[in-house]
Amino acid sequence: MSLAFCKKRPHCKDQRWAVNHYSPLALHSCAFQVQHGTCNGGLYSRPFKESFEETPMLVAVFTYLGYGILTIFGYLRDFLRDWKIEKCHIAREREEQKDFVPLYQDFENFYTRNLYMRIRDNWNRPICSVPGAKVDIVERVSHNYNWTFDYTGKVVKEVINMGSYNYLGFAENTGPCAEAAAEVTMKYGVGVSSTRQEMGNCSRHEELEKLVARFLGVESAMAFGMGFATNSMNIPALAGKGCLILSDELNHASLVLGARLSGSTIRVFKHNNMQSLEKLLKEAIAHGQPRSRRPWKKILILVEGIYSMEGSIVRLPEVIALKKKYKAYLYLDEAHSIGALGPRGRGVVDYFGLDPNDVDVMMGTFTKSFGAAGGYIGGRKELMDYLRTHSHSAVYATSMSLPVVEQIITSMKCIVGEDGTTVGRDRVQQLAANTTYFRKHLQDMGFIIYGNHDSPVVPLMLYMPAKIGAFGREMLQRNIAVVVVGFPATPIIESRARFCVSAAHTKAMLDTALGAISEVGDLLQLKYSRHRIVPSLDRAFDETTYEETEE
Amino acid sequence: KMASGQQWVLVEMVQAFYEAPAYHLILEGILILWIIRLLFSKTYKLQERSDLTEKEKEELIEEWQPEPLVPPVSKDHPSLNYDPNTKLNLSIVCGLPTSHKIVVNGKECINFASFNFLGLLDNERVKKRALSSLKKYGVGTCGPRGFYGTFDVHLELEDRLAKFMRTEEAIIYSYGFATIASAIPAYSKRGDIVFVDEAACFAIQKGLQASRSFIKYFKHNDMEDLERLLKDQEVEDQKNPRKARVIRRFIVVEGLYINTGDICPLPELVKLKYRYKVRIFLEESLSFGVLGDHGRGVTEHFGVNIDDIDLISANMENALASIGGFCCGRSFVIDHQRLSGQGYCFSASLPPMLAAAAIEALNIMEEDPEIFTILREKCSCVHRALQGIPGLKVVGESFTPALHLQLETSTGSRDSDMKTLRTIVEYCMNRRVALTQARYLDKEEKFLPPPTIRVVVTVEQTDEEINMAASLIREAALAILK
């Protein structure tokens, strides 16, 4: 039995959703499912509903047109600036260094200068409170079209926070976590001033690592001071020259950097696309390394649990089946999914009801669901022993701040229920309920919403560049803080707003937010959806990576 | 005039078209079709061409055996704490509430190992400031700087750092290591050239690797060697001046070198900078808050104009005794990182309580610059006390707060040198002086430093403690290096 089900897949165009709703059957039930137009074998124990509605043609045309106009105006204004007709606010090179090779190439900053600058007030908004369900935002104004900001001294109070990654609502300044962290602050201070391998290995660090291992259901775990660095400083310890890294095209910058620093060959597969991954695996093993034709030393697949810009959930059961079939290793980054997914809040493995031992490297961060900072890696004892001795982070970077460690320990114990309450479990359930509620209402309003139905990351498509700025500003006027993203974080025409649902949001808050979103949606004509939803599997896939094979 | 000229060309082309013989037009038509076909055909494959049949592929896949994900680690690796009863392998450390004393594996020791130069790790004011910040903001920021992860405290800290260093702007990172490692690739790209000192620390090495630029190493603190490389480049530039106009050049050095304990010759570097038009990036993790009358680092130490240095980077984990790092310099340079510094853009921001702790540490440094004089005195005191230990030599300047003790004569094997030094460290640790060996990843370092014991000086160490530690190390050396 092979995984050929991925190939002879009837395209599910007439279906509203790509749904797999089967009890855990063995692979041989494939044929039965194919008849039903679903595509993933019996690997899924729950419905897998993911949608990426196609960009309407007219919208795409207008979006390109928008960028075209912005670019023309950009050149015009650059011309005016060059001739000193328009006042130029850009910081300049020192006179003494005018004859040096320019530090920046002009076109590098064209986008920043002429597009980003116009709507820059939507990012980096300073806040002055806990980043909880509601947040206080420092008011700022610009008198020179966003080149500089002045603070008015006023604070916009009680803004509903749909932007922070506070999935389980552990961003708190009161309660058991904050109290525990406060006690540790006064006892040990905040810094450590040494590395784990020198004089910075505290007993609380080791306790945290044991707890993380228990939480993940793995043999051993290790914690690091920064989530980004957990990826970029540990992947090089796992792969090197002669190894192949297969990376999802939408993987986070930290995974990309880690893969690059490792010196391995990197190949990219289409986002969450299992045919693309299988094809790469198959070709790689059959052909070996380029030129020398030696077999690969090992193959490492890098995927994320929830993709933070798409709101999609990795097709983990299929990835695991593939990695087993092709003897590859799997590195799973649960930055957004840990705590936020699964009936027990234990991430995407818990969500699909899988065995954590099937994932070779379990990585995640403490920044989001735990309201702290840093990252972890969990896995088998041999792996962790190796990382303890060879991780760049353990040898060269200052170890974690102890109050931060305490915040993680307390919040994780709460999720697990080791604190003797059901607070953690309730929050996990609340998040799931809030997610369903929020997503359903946005969809019903006619917005184009990307991603998986169970993902608390909810991208709402804006498309046109002008609407990025307008949406962010209009929402803030209605006292709601949202994140808007455009190129280069997304493909050029797929600008979007992103909401992060939290367990701390009450129904009243979500209703207020939904009301405001609907209002702004009408104002800016954002309700693009034609309810002709194309299943995710047919998206982003082209002939160059997909071939039918005769059997 | 231009336009009318072009019009003529067009008219001539149309005329030529009419006058051309039929076979010519047909030939050109076929050629055009051929080009179109080449453009749109998909006969080539992105993957390597394969003559393997499906069955052969299956067999190859069946046969392939990957290496294990990680090689096995020997059980007595110094950083694995397998059996705490028999060996003091990896130290378990716990801070004590009041002093620079720490508990290592259950024993209270005087700390000669943590980079807590100014003793701010345990400072009441710093702790209280952190606590009040915690009570206002909680612990985590739940987002990167761009997405509601910018707190007013971050802006205050950046402002304070810029003022402290007397530069236009500062930018903070949430992890010390990521600071210089992100800053370098924000400016230096593929094709650019970076001149680096051989003793540069690991974070710099990783930053260089991420930048994918050409890296040229010069001998440690050897300005003649650097100038030779710069001259070579000048010759190279003259061969291809057009290319030379777009190749950016940087010199990356450390203020005080963590691996060698000595200082970079900054005035000479600045001269070379203007002579050869190269920018200087200076990593000051060890010298910030240490050198200079006000702790501004190596620029203040030499009296070099800070504007002559293009970028200064330092972590806030040593002298400031918090977490994170910062870069400072002119806005023209620094502001670029807010969109291009990977560790800045794509990482959650620094927990506000850690930023608040750093602000309070800056307050203390500004209120009492005396502290830097005291530190310098302690440094030279330690430096003096460690001279003349049989078998061990002191590596580093007399004003360096992080010295190295190196074996005078190596046994020839790194492993046995490491073991000898470990025995000395354990000897001292058992007698209540906490030391540590400098740790490196042997296979990853570009130029692996020799094995050493680190001796870190802090303002909290009393003269008696310093003398006690020095005589203990002497005693250990006498007992072990025979």
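The values are calculated or read from the model by the stated rules, or taken from the named source; none is laboratory data. Keep in mind that what you see is a predicted model, and the values were worked out from it rather than measured. Cβ: placed from backbone, ideal geometry, glycine included. Neighbour counts: every protein chain shown. Ligands, DNA and RNA are stripped out before the accessible areas are found, and what is left, the full protein with its side chains, is counted by its heavy atoms. Shrake-Rupley method; radii C 1.70, N 1.55, O 1.52, S 1.80 Å.
Work the Kirkwood hydrodynamic radius out for the stretch A:125-281: mean of 1/r over every pair of different alpha-carbon atoms, inverted, in Å.
Numbers: mean 1/r = 0.0495 Å⁻¹.
Evaluated on the stretch A:125-281, it is 20.2 Å.
Among A:Pro126, A:Asn166, A:Cys177, which residue has its Cα furthest toward the positive end of the charge dipole of the stretch A:114-182, with +1 on Lys/Arg Cβ and -1 on Asp/Glu Cβ?
Comparing the listed Cα positions along the dipole, A:Pro126 ranks first.
Quick one: the Cα spread of the stretch B:101-186 along its three principal axes, in angstroms, biggest first?
Principal-axis extents of the stretch B:101-186 (Cα, largest first): 45, 34, 26 Å.
Based on the alpha-carbon set only, what is the convex hull volume of the stretch A:249-330 divided per residue, in Å³? Spell out each step's value before the answer.
On the way: hull volume 7.1 nm³, N = 82.
Normalising the Cα hull of the stretch A:249-330 by residue number yields 87 Å³.
Can you pull the accessible area of B:Glu124 for me, 1.4 Å probe, Å² to the nearest 10?
Answer for B:Glu124: close to 90 Å² accessible.
Give the Rg (one decimal place) followed by the Dmax (whole number) of the stretch B:309-446, computed from C-alpha coordinates and expressed in Å.
Spelled out, the Cα radius of gyration and Dmax of the stretch B:309-446 are 19.8, 53 Å.
In the stretch B:374-410, what trypsin sites (Lys or Arg not before Pro) fall in a loop by DSSP, with at most 15 other Cβ atoms inside 10 Å?
Values: sites: B:Arg376, B:Lys378, B:Arg384, B:Lys393; in loops: none.
Within the stretch B:374-410, no trypsin sites (Lys or Arg not before Pro) qualify (loop, at most 15 other Cβ atoms within 10 Å).
Assign unit charges at the C-beta atoms only (+1 for Lys and Arg, -1 for Asp and Glu), then state the dipole size of chain A relative to its Cα centre in Debye, rounded to the nearest 20.
Numbers: 64 positive and 59 negative charges, 101 e Å.
Dipole size: approximately 480 debye.
As a test of the definition: which semi-axes, in Å, follow for chain B when you take the square root of five times each eigenvalue of its alpha carbon gyration tensor? Largest first, please. Intermediate results must be reported in sequence, preceding the final value.
Working: eigenvalues 559, 185, 125 Å².
They are 53, 30, 25 Å, listed from largest to smallest.
Can you tell which of A:Ala284, A:His392, A:Ala321 lies farthest toward the positive end of the dipole of chain A, using +1 and -1 charges on the Cβ of basic and acidic side chains (Lys, Arg; Asp, Glu)?
In chain A, that residue is A:Ala284.
If you take the square roots of the eigenvalues of the alpha-carbon gyration tensor of the stretch A:204-284 and sort them as a ≥ b ≥ c, do you get rounded (a/c under 1.5), prolate (a/b over b/c) or oblate? Let's see the in-between values first.
Values: a/c = 2.32, a/b = 1.83, b/c = 1.27.
In terms of gyration-tensor shape, prolate.
How would you classify the stretch A:83-202 from its alpha-carbon gyration tensor, with a ≥ b ≥ c the square roots of the eigenvalues: rounded for a/c under 1.5, else prolate if a/b is greater than b/c, otherwise oblate?
Values: a/c = 2.98, a/b = 1.55, b/c = 1.93.
Since a/c reaches 1.5 but b/c is at least a/b, the shape of the stretch A:83-202 is classed as oblate.
Tell me the label-point distance for the pair B:Leu448, B:Gln65, using the 7 Å Cα-to-Cβ offset, in nm and rounded to one decimal.
According to this spin-label approximation, the distance is 2.9 nm.
From largest accessible area down, sort A:Asp360, A:Asp444; use a 1.4 Å probe on the protein chains. The partial results should precede the final answer.
Working: A:Asp360 15, A:Asp444 95 Å².
Ranking A:Asp360, A:Asp444 by accessible area, largest first, yields A:Asp444, A:Asp360.
For a bin width of 10 Å, list the pair-distance distribution of the stretch B:181-273 built from all Cα-Cα distances, rounded to whole %.
16, 48, 32, 4, 0
Would you mind calculating the gained length between A:Arg214 and A:Asp419 on full extension (0.36 nm times residue separation, minus the Cα-Cα distance), in nm to one decimal?
Values: separation 205, 0.36 × 205 = 73.80 nm, distance 1.47 nm.
Difference between extended and current length: 72.3 nm.
Rg and Dmax of the protein assembly as shown, Cα atoms, in Å?
So, for the protein assembly as shown, Rg and Dmax equal 30.0, 104 Å respectively.
Quick one: in the stretch B:406-451, what % of C-alpha pairs are over 13 Å apart? Can you show the working numbers first?
Values: 607 of 1035 pairs.
When all Cα pairs of the stretch B:406-451 are counted, 59 percent exceed 13 Å.
If I histogram all Cα-Cα distances within the stretch B:262-346 using bins 10 Å wide from 0, what percent of pairs lands in each bin?
Once binned at 10 Å, the Cα pair distances of the stretch B:262-346 give 16, 47, 32, 5.
Any chance you could tell me what percent of the C-alpha pair distances in the stretch A:44-152 go past 17 Å? Provide the component values of the computation, followed by the final result.
Numbers: 4271 of 5886 pairs.
The calculated P(r) of the stretch A:44-152 puts 73 percent of pairs beyond 17 Å.
Can you compute the charge dipole magnitude of the stretch A:156-299 about its Cα centre, using +1 on each Lys and Arg Cβ and -1 on each Asp and Glu Cβ, nothing else charged? Give it in debye, rounded to the nearest 20. Please report the intermediate quantities before stating the final value.
Values: 17 positive and 13 negative charges, 226 e Å.
About 1080 debye.
Rounded to the nearest 20 Debye, what is the dipole magnitude of the stretch A:390-540 about its Cα centre when Lys and Arg each give +1 and Asp and Glu each give -1 at the C-beta? Please report the intermediate quantities before stating the final value.
On the way: 15 positive and 12 negative charges, 83 e Å.
Value, rounded to 20: 400 debye.
What distance in nm lies between label points placed 7 Å from Cα along the C-beta direction at B:Lys216 and B:Glu58?
About 5.8 nm separates the two model spin labels.
With the other protein chains left in place, how much accessible area per residue, in square angstrom, belongs to the protein assembly as shown at a 1.4 angstrom probe?
Working: 41370 Å² over 1033 residues.
Averaged over the residues of the protein assembly as shown, the accessible area is 40 Å².
Compute, for B:Ile473, the solvent-accessible surface of its heavy atoms (probe 1.4 Å) with the complete set of protein chains present, and express it in square angstrom to the nearest 10.
Approximately 0 Å² of B:Ile473 is accessible to the 1.4 Å probe.
Restricting attention to the alpha-carbon atoms of the stretch B:369-458, what are Rg (one decimal) and Dmax (integer), both in Å?
14.1, 45
Kindly list the residues of the stretch B:254-268 that lie in the label zone of B:Lys393, defined by a backbone N under 15 Å from the point 7 Å along the Cα-to-C-beta vector.
B:260-262
Can you tell me what the convex hull of the Cα atoms of the stretch A:346-478 projects to on average, as an area in nm²? Could you put the intermediate results ahead of the total?
Numbers: hull surface 48.8 nm².
Its Cα hull, projected and averaged over all orientations, spans 12.2 nm².
Given the pairs A:Lys49/A:Lys323; B:Lys239/B:Lys443; A:Lys241/B:Lys206; A:Lys327/B:Lys55, which span a C-alpha to C-alpha distance of over 28 angstrom in this model? Numbers along the way, then the final one.
Details: A:Lys49/A:Lys323 23 Å; B:Lys239/B:Lys443 37 Å; A:Lys241/B:Lys206 16 Å; A:Lys327/B:Lys55 18 Å.
Violating the 28 Å limit, Cα to Cα: B:Lys239/B:Lys443.
For chains B and A, what's the summed buried accessible area, probe 1.4 Å, to the nearest 100 square angstrom? Could you put the intermediate results ahead of the total?
Working: alone 26510 and 25510 Å², together 41370 Å².
Interface area, both chains combined: 10700 Å², rounded to the nearest 100.
If you take the beta carbon distance between B:Glu234 and A:Lys98 as r and set R0 to 25 Å, what does 1/(1 + (r/R0)^6) give as a FRET efficiency, to the nearest 0.05?
Details: r = 19 Å, r/R0 = 0.76.
After rounding to 0.05, the efficiency reads 0.85.
Between B:Ala479 and A:Asp150, what is the FRET efficiency for a Förster distance of 60 Å, r being their Cβ-Cβ separation, to the nearest 0.05? Display every interim value, and only then the final one.
On the way: r = 67 Å, r/R0 = 1.12.
Efficiency at R0 = 60 Å is approximately 0.35.
Where the accessible area of chain A is counted over protein heavy atoms with a 1.4 Å probe, how much of it, in %, is carbon and sulfur? Spell out each step's value before the answer.
On the way: 11280 of 20160 Å².
Answer for chain A is 56 percent, counting heavy atoms of protein chains only.
Skipping prolines and chain starts, which residues have an amide H placed within reach, meaning under 5 Å, of the one on A:Val483, given they are 5 or more residues away or on another chain?
Close amide H contacts, sequence-distant or interchain: A:Arg498.
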